[in-house]
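Report on the structure given below.
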Amino acid sequence: MSRVPQPAPQRAAVTSPDAEVLVEVDHLSTHFPVRAGLFGRRQALAVRAVDDITFDIRQGEVFGLVGESGSGKTTLGRSLLQLVKPTSGAVRYRGRDLVALSERRMRPLRRELALIFQDPNASLNPAMTIVQGVGHPLRIHGLASSRAEARQGVAEMLVRVGLSPPEAFLDKYPEDVSGGQKQRLVIARALITNPSFVVADEPVAALDMSVRAKVLELLLDLKRDLSLTYLFITHDLATAKFLCDRIGILYLGNMVERGPADALFADPTHPYTRSLLDAVPVPDPSRRGRERRLPSGEVPDALDPPAGCRFHPRCPEAFAPCGWEGADLVDLLERRWSETDVDTFEAELAATGPLDSIQISEREVRFPQGDAGRLVPLLERLRRLEAGRVFSAVTDVTTEDGHVLVQLGEGVGTGPSTGQAGAGGMPSARGRAAPSLIAGQRRRSRYHPG
């Protein structure tokens, strides 16, 4: 039966900023190639699960990775351990770049690097007894000369993770113990080789609330007793605040903010971090009507992420420098038409022309089948409605031979104006991840349907 900790959990002491850097991540990217094509024509695409991330983890620190599902947390953790091979960048462990190592040279280092899996039911082999499963790394790395020595090592580790007496567990199978005990077994297996750096991938997410605090306390005890350094992956802000010294916030493969846990919760600087904190329910009736600035729309597709800050299409505070591009203007039209009445939709569609005729680049949007006399006033009206968002990047609206050209730039735009300008041809609208929901319109949006 698992040990029940007596004292209430206490937050770990903050690691000194002067502590030695154990792991250094330098412009790390991990992309997954995707082959897509029709009738024999193939197009090379890549899911940018981790994209140009830089940070470091100090000796003895708990560094938290926080983000929504699909933000790249698990891929980043596995990339650090070289369980997933990065596309580019460097991961330096004690000054040695792991990305450059072959698997043969990497293997001796794996005893110093460990992973605690999220789902104990999936990570424990049901055909192995507990002594076999937990002791398996000892055999792989040649750390036990005999079965008796391996059995003794496993027994000592079971006691350390709170499974005592060990004789009651050694010859059982994973299915014979509870969920909390299984998670302790996963922790025991990760630590059996005496590692220095541990990636904990949502280690309490699969546990009941009554068990989570005990396992979190166990992780802190083990960190102190074994001089461990953690990369702690979670989507739970409360858990991250309790356990972590520093926190990095991930969104769509980018680290949008990082800093000391207390400072990040007290004064978040990135709008996405503020949105995450605003989404947390507060059990205080007096704050029931508090203003909350939450993201709009859906998470963009990692196959074709937005330019600039990847959060800007959903951000309530986005402005020109955030990276608005031509596709964002057409996305705005799609979202607007999915919410308006049929008469407004038909009138505005007649002004813009069919969506699949619109030609898009990063800095321009051309409406070759639009009605300039109705489209320019429509854009001016939308500019007033969307002030401070995509139209903050519009620098000019010109007409040529009846075609309307919208130009976007880095600076804050002054809104649409009418004039004459020459412009060359532009590529057709690029493919997106999910078809528009507007009946009869087939331009593909970067957003997944909700």
- Residue list for segment 188-217, given a label point 7 angstrom along the Cα-to-Cβ vector of Ile140 and an amide N cut-off under 14 Å: 188-195, 199
- Message: Using a 10 Å cut-off around each Cβ, can you sort Met209, Met157 from fewest to most neighbouring Cβ atoms?
- Response: Met209, Met157
- Residue order, fewest to most surrounding Cβ atoms within 10 angstrom, among Tyr93, Tyr272: Tyr93, Tyr272
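If the chain between Arg107 and Val21 were fully stretched, how many nm would it gain, using 0.36 nm times the residue separation less the Cα-Cα distance?
On the way: separation 86, 0.36 × 86 = 30.96 nm, distance 2.20 nm.
Full extension from Arg107 to Val21 adds 28.8 nm.
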- If amide H atoms are built 1.01 Å from N in the plane of the peptide, which residues on other chains or at least 5 residues away come under 5 Å of the amide H of Ala46? Val34
- Add +1 for every Lys or Arg and -1 for every Asp or Glu among the other residues with Cβ under 14 Å from the Cβ of Val131, and state the total. 0
- Task: Would you mind ranking Val34, Val299, Val199 so that the residue whose beta carbon has the fewest other beta carbons within 10 Å leads the list?
- Result: Val34, Val299, Val199
- Mind giving me the FRET efficiency for Gln152 and Asp52? R0 is 60 Å, r the Cβ-Cβ distance, nearest 0.05 is fine. 0.80
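For segment 21-266, give the share of DSSP beta bridges that are antiparallel, in percent and rounded to the nearest 5; count only bridges with both residues there. Let's see the in-between values first.
Working: 27 of 45 bridges.
Roughly 60 percent of the DSSP beta bridges within segment 21-266 come out antiparallel.
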- Query: So, in nm, how far is label Asn125 from label Ser227 when the simple model puts each one 7 Å beyond its Cα toward the Cβ?
  - Reply: 3.2 nm
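How long is the gain from Arg292 to Asp356 if the chain were fully straight, where each residue apart is worth 0.36 nm and the alpha carbon distance is subtracted?
19.4 nm
Values in this text are rule-based calculations from the coordinates and carry no lab data. Bear in mind that the values here come from a model prediction, so they are computed numbers and not experimental data. Ideal geometry is used to build each Cβ from the backbone, glycine not excepted, and the neighbour counts take in all protein chains shown.
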